[in-house]
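To keep things clear, I will list the structure first and then write my remarks on it.
Derivation of every value follows stated rules applied to the coordinates shown; laboratory data play no part. Because the structure is predicted, anything quoted here is derived from the model rather than measured. Counting neighbours? That spans all protein chains shown, and the Cβs are built from the backbone with ideal geometry, glycine included.
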């Protein structure tokens with residue numbers, strides 16, 4: 001019985017090893033599986049193939065120079081959201097502008113009915129506009145018929161036009177009016193930049209002076225500082241003068257009055273008598289000054305008179321002896 005139990009399993013193993021699968025059965029199985037289009041059946045046999053997507057790049061297009069600045073909406077590249085905000089801010093930000101520095105000068109010449117009243121009105125308007133007088137001159141042509149004033153004034157540049165208008169309003173006739181404008185923006189910026197650079201250079205040399213340990217180094221730095229400070233003073237003076245010229249405009253004002261001479265038209269007795277006395281007095285003055293102008297000849301004649309008188313006295317004395 002034990003022997004039978006030992007040989008039975010061995011016999012069963014031998015039979016199983018000799019059994020082969022039928023080829024037709026295998027073919028039918030494969031075909032049946034291949035004909036089944038369901039994804040489930042395919043996944044049981046082999047893994048799914050990876051899906052490949054081909055990326056095609058269009059060939060480069062040669063764009064003429066005149067068209068390179070334009071991009072069509074179809075080929076435009078979308079900006080990230082953040083970059084769009086940045087570009088919007090950059091577009092909204094105005095470009096940096098440089099304030100112009102202008103020197104304005106002018107002169108005006110006109111006739112007025114009353115020079116004293118005109119001068120008073122001009123000075124009042126000048127004080128109101130914040131200006132001041134540089135020169136104040138009065139001239140006369142030798143008689144009372146013509147008087148002339150010349151004023152040189154400085155006015156804040158912002159009030160130049162208003163002040164010029166108030167001056168012109170006092171004229172009865174304007175002979176000439178000239179306005180000159182000079183743009184010194186480049187010179188102003190250049191002078192300011194040079195001044196700032198020299199001050200920075202001075203600060204650097206001061207730092208070097210603090211770090212210097214040798215006397216020779218200190219002396220050399222001190223010499224450099226002296227030259228730099230001299231340049232700073234010169235440049236500062238130029239900058240201050242230029243700044244003053246820009247801040248205050250110059251105006252030369254010339255105004256005058258002319259009054260005709262008064263002539264008496266009366267031909268009566270008293271008028272003739274007055275004219276006679278006046279003419280006689282004028283003639284007497286002319287005669288007196290004419291005789292007085294001959295004083296060198298009077299001295300010569302007086303010398304001859306003394307010589308002749310002395311000669312006669314000697315002659316009389318000789319005859320008496």
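Applying 1/(1 + (r/R0)^6) with R0 = 30 Å to the Cβ-Cβ distance of residue 247 and residue 227 gives a FRET efficiency near 0.50. Altogether, the Stokes-Einstein calculation at 20 °C and 1.002 mPa s, with the Kirkwood radius of segment 100-282 over Cα pairs as Rh, returns a diffusion coefficient of 100 µm²/s. Placing a pseudo-label 7 Å from each Cα along the Cα-to-Cβ vector at residue 107 and residue 134 gives an inter-label distance of 1.2 nm.
As an exercise, use a Förster radius of 41 Å and the Cβ-Cβ distance of residue 279 and residue 309 to find the FRET efficiency, rounded to the nearest 0.05.
Values: r = 41 Å, r/R0 = 0.99.
So the FRET efficiency works out to roughly 0.50.
For segment 219-321, the equivalent ellipsoid derived from the Cα gyration tensor has semi-axes of 75, 43, 5 Å, listed largest first. Can you give the FRET efficiency to the nearest 0.05 for residue 183 and residue 292, using r as the Cβ-Cβ distance and R₀ = 56 Å? FRET efficiency, residue 183 to residue 292: 0.30. In this simple spin-label approximation, residue 161 and residue 210 carry label points 7 Å from Cα along the Cα→Cβ vector, and these lie 5.1 nm apart.
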